[in-house]
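A short worksheet on the structure shown next.
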Amino acid sequence: MALRTFVKVSGINNLSDARYCAGMEVDQLGFEIEEGASNYTDIQKFKEISEWLSGVAYVGEITSTGTAIKTLIDGYQLDAIQIENISQIAEALETGLPVSFLAHDMEAVRAAWEASGKQLAYVLFDASEIKEDVLMGLSKDIPMVLASGFDAETVTELVKSDLKGIAIQGGNEIRPGYKDFDEMADILETLEIDDLADE
C-alpha cells in the first residue's frame with residue numbers, strides 16, 4: 001500500500017492520528033513543539049507517540065521567533081523543521097535538517113524561496129484564496145505542498161499537477177483512543193494505490 005503523492009499531516013498530538021497516518025504510509029508527521037501552541041506536543045509525549053511508529057518522518061513545526069530553533073528542537077528526534085518566519089530561514093538551515101516554510105500568500109512563497117537560496121525542501125502553501133493558475137505556475141519552479149483548497153473529490157486532479165504533494169491537518173481525539181477520521185480518511189483513501197490493480 002502506498003499513496004499517489006507526497007503527504008504531510010500537520011499538528012499531530014495523539015497516537016490515534018499518528019498510527020493511522022503511519023499505517024496509510026504518509027511521508028511526514030508534523031508536531032507543534034512550542035509551548036503554548038494549540039496542538040503542542042512536549043518531548044515526553046512525542047517519544048511516547050513516535051516509539052509506536054516506523055517508516056514516517058517527523059517534522060518540528062515552529063510558528064514564533066521567541067526561542068532559538070536549536071533550543072526548541074533539543075530532545076526531539078526530528079527529521080525536518082517547518083517554520084513560517086522568513087527571519088528564521090538561515091537559523092533553521094544551520095541545523096542541518098531539511099527545512100520547509102509555511103506561506104499564506106504567493107509573495108511569501110517567492111520571498112521564502114529566494115531567502116533560502118532555493119534550499120527549502122518545499123513551501124507549504126495554506127491560503128484562504130488560491131489563484132490556481134498562479135499556483136501551478138509557481139509549482140513548476142518551486143517545490144510546493146498544498147495545505148488547503150482541496151477535498152477527497154478534487155485531490156486526484158492535484159496529483160496530476162506539478163505540485164510536490166498535499167498537507168492535511170491532524171486534530172484532537174474525541175476522547176482518549178477515539179478519533180473521527182472521516183475527512184482525513186476520505187482524502188488518504190482516495191490517494192491510496194491499489195497494489196493489485198496496479199500489478
Per the helix-only calculation at 222 nm, which mean residue ellipticity applies to the chain, given -39500 (n - 2.57) for every DSSP H run of n ≥ 4 and division by its residues, nearest 500 deg cm²/dmol? -8000 deg cm²/dmol
Once you put a point 7 Å from the Cα of SER64 and another 7 Å from the Cα of ASP42, both along the Cβ direction, what distance in nm separates them? 1.6
Relative contact order computed over the chain (Cα-Cα under 8 Å; 6+ residues apart), in percent: 23
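Throughout, read-outs are computed from the coordinates displayed, never taken from laboratory work. Because the structure is predicted, anything quoted here is derived from the model rather than measured. Ideal geometry is used to build each Cβ from the backbone, glycine not excepted, and the neighbour counts take in all protein chains shown.
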